[in-house]
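Structure record follows, encoded as structure tokens.
The values are calculated or read from the model by the stated rules, or taken from the named source; none is laboratory data. Owing to the predicted nature of the structure, the values given are computational and were not obtained by experimental measurement. Please note: Cβ atoms are built from the backbone with ideal geometry, for glycine as well, and neighbour counts cover all protein chains shown. The area values use the complete protein model at the heavy-atom level, side chains included, leaving out ligands, DNA and RNA. Shrake-Rupley method; radii C 1.70, N 1.55, O 1.52, S 1.80 Å.
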Amino acid sequence: MRQFVTPGEELPNDTKRNEYVMVSNGKAYSNILGFYDSDRKDIVPLEGLWKPRIGDSVIGVVERPTKPGIYNVKLTEFVQGLIITSKFDSGPSFEENDVIEATVANVERKRLAILERPRKLAVGQTIYVKPVRIPRIIGKSETMVSQISRLTGARIIIGRNGIIWLNGGNVALAIEAIKKVEREAHTSGLTEKIKSMLEAEV
Amino acid sequence: MASSLNKPELIVNGKRLDGRDFNELRPLKIEANVLKNAQGSAYLEWGNNRVLAAVYGPKEAMPRHTADPTKGVVKCRYSMAPFSGLGEHGRSGPNRRAIEISKVTKEVFENVIFLNEFPGSEIDVFIEILQSDGGTRAAGITAAAVALANAGIKMKDLVYAVSAGRIGDHVVLDVNMIEDNYSDADMPMAISPKNNEILLLQMDGGLDTKQLKEGMEMVIEAGKVISKVQRDALKAIYESK
């Protein structure tokens, strides 16, 4: 059973404590707009921001370089990425507006993500989605994204910060499918819906 | 203009001018997620008030000196559209009144947003009054709370605001423009419904202790209705699709 919750709404006391649950006077309250899943006893956020975590793979745009070997990467409005190339042997170099994929190695002051293993992405399309929808777009053990990729022939790379890079195949259809997942993330049976939608189009 | 000389009769046959009871709210309607570019938004109709609220951020605080490295800052802009009123509030832009309301609104939301989650950044709250009929600061706060929840910003509670007032010996709820101009007291309050914490209390005119208590009880009772409308507006975003 899924139940809609808003900030300040009281939750059952056995709700899993996570960042979206606040406890005061021994009672649990939601602090975000989301769903309460009574089977998992967990809160699933419907809206929210991406908080960088170590190991997250992200996609960002390189900003104008200020110091040699150090690149600022725009990940979201709130989080800035930083690549320090002198740490790497080969020392890859990037130019302004390059789209890169990287992994978060460390997080400083909640809004500075130190990136490692940066890789320049070739020509492709990037789209923005809400970061809270990313787990749904990936799906359980990547079922959703691999299905979209298989049926449209597009290569898809997903950044946890809400940027998705696509290339090859039927990109327009893949984008349409991803946007549909983003819009209807709160409904169930979505993998089947997307499958029938894509199969009808292809 | 408001003056005791040409004061109209505000209570006729135990009813107020617009036919409401003393503890009756004007009809309230909220729609969330109305603006595409904003992170969160809400449109509110409360009696003849029409309010649009939009939330952007958190993003890097600009200008840089306004940033606080330990917590986020809330920036609020309350503004009345030039066509919003019947003359006397009809000037747009940050006048003395708008600056005051922006400040008190900002302080309401500073108390409910988890600001330590967003160090060095700002959250922008824009409240635009499209049509005004008294109680716009309360309407603005109620709309902005919905917009903030829609933006996915972590908050302790969904705040609501409404005003109480006094006409003669009667304590009334949700005063409109004409009652505001000629009544004996006007008291807007913003409340966090979870534990009924008061986040804003301003007062024009005078109330005695008993009337103040009665007004507060009316506001808290009305808050149940307002909170429900706010929650339903947020719920409706996900039901229509």
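Peptide B:142-152 has a mean of 3 when you count, residue by residue, the C-beta atoms of other protein chains within 10 Å of its C-beta. To the nearest 10, the accessible area of B:S102 is 20 Å² with a 1.4 Å probe. When B:T209, A:T15 are compared by accessible surface with a 1.4 Å probe, the order from highest to lowest is B:T209, A:T15. Rounded to the nearest 0.05, the FRET efficiency derived from the C-beta distance between A:A105 and B:K75 at R0 = 25 Å is 0.15. Annotation note: trypsin sites (Lys or Arg not before Pro) in the range B:17-55 located in DSSP loop regions with a Cβ neighbour count of at most 15 within 10 Å are B:K36.
One chain, two ends: A:M197 and A:N13. Fully extended at 0.36 nm per residue, the span grows by 62.2 nm beyond their Cα-Cα distance. Rolling a 1.4 Å probe over the protein heavy atoms gives the range B:24-236 an accessible area of 41 Å² per residue.
Looking at the range A:40-110, the trypsin sites (Lys or Arg not before Pro) that sit in a DSSP loop and have at most 10 other Cβ atoms within 10 Å of their own Cβ are A:R53, A:R109. Chain B and chain A together bury an accessible surface of about 2300 square angstrom, both sides counted, with a 1.4 Å probe and no ligands or nucleic acids included. Rounded to the nearest 0.05, what FRET efficiency is calculated for B:I198 and B:R64 with R0 set to 41 Å and r the Cβ-Cβ distance? Efficiency for this residue pair is about 0.75. Charges were assigned to the Cβ only: +1 to each Lys and Arg, -1 to each Asp and Glu. The resulting dipole of the range A:57-120 about its Cα centre is roughly 200 debye. Normalising the Debye intensity of the protein assembly as shown to I(0), with uniform scatterers on Cα atoms only, and taking log10 at q = 0.06, 0.09 Å⁻¹ returns -0.32, -0.67.
Semi-axes of the equivalent ellipsoid for the range A:2-45, computed as √(5λ) from the eigenvalues of its C-alpha gyration tensor and ordered from largest down, come to 14, 11, 8 Å. Derived scalar couplings between HN and Hα for the range B:188-202 equal x, 9, 10, 10, 8, x, 4, 10, 6, 6, 8, 9, 8, 8, 10 Hz in order, rounded to whole Hz, by the Karplus curve 6.51 cos²θ - 1.76 cosθ + 1.60 (θ = phi - 60°), x for Gly and Pro.
Here the Kirkwood formula puts the hydrodynamic radius of chain A at 18.6 Å, using every distinct Cα pair. Here the range A:126-202 yields Rg over Rh of 0.91, to two decimals, using C-alpha coordinates and the Kirkwood radius. Within the assembled protein chains, the solvent-accessible surface assigned to A:K16 is about 100 Å², based on a 1.4 Å probe.
To the nearest Å, what is the center-to-center distance of the range A:158-189 and the range B:166-241, using C-alpha atoms only? Cα centroid of the range A:158-189 versus Cα centroid of the range B:166-241: 44 Å apart.
Put simply, the convex hull of the Cα atoms in the range A:1-109 casts, on average, a shadow of 9.1 nm². Under the classification rounded if a/c is under 1.5, otherwise prolate if a/b is larger than b/c and oblate if not, where does the range B:74-233 fall, given a ≥ b ≥ c as square roots of the Cα gyration tensor eigenvalues? Here the range B:74-233 falls in the oblate category. Accessible surface comparison of B:M62, A:M197, probe 1.4 Å, protein chains only, largest first: the order is B:M62, A:M197. Note down the net charge around B:R16, summing +1 for each Lys or Arg and -1 for each Asp or Glu among other residues with Cβ under 13 Å from its Cβ. Here the charged neighbours net out to -3. Relative to the compact-globule estimate of 2.2 N^0.38 Å, the Cα radius of gyration of the range A:57-120 comes out at 0.98. Between B:S183, B:G120, B:S132, the Cα set farthest toward the positive side of the dipole of the range B:114-220 (charges on each charged residue's Cβ, about the Cα centre) is that of B:G120. Solvent exposure of the range A:2-45, expressed per residue, is 46 Å² of accessible area, with all protein chains present and a 1.4 angstrom probe. Surface analysis of the range A:125-201 yields an accessible area of 46 Å² per residue, using protein heavy atoms and a 1.4 Å probe.
Within the accessible surface of the range B:144-212, defined with a 1.4 Å probe on protein heavy atoms only, the carbon and sulfur portion equals 45 percent. For chain A, the relative contact order comes to 16 percent (Cα pairs under 8 Å, sequence separation of at least 6).
In plain terms, the chain from A:S57 to A:E96 could stretch by 12.0 nm, reckoned as 0.36 nm per residue minus the Cα-Cα distance. For the range A:1-99, GluC sites (Glu not before Pro) meeting the loop criterion (DSSP other than H, G, I, E, B) and having at most 12 other Cβ atoms within 10 Å: A:E95, A:E96. Taking the 1.4 Å solvent-accessible surface of the range A:1-93 as the whole, the part contributed by carbon and sulfur is 50%.
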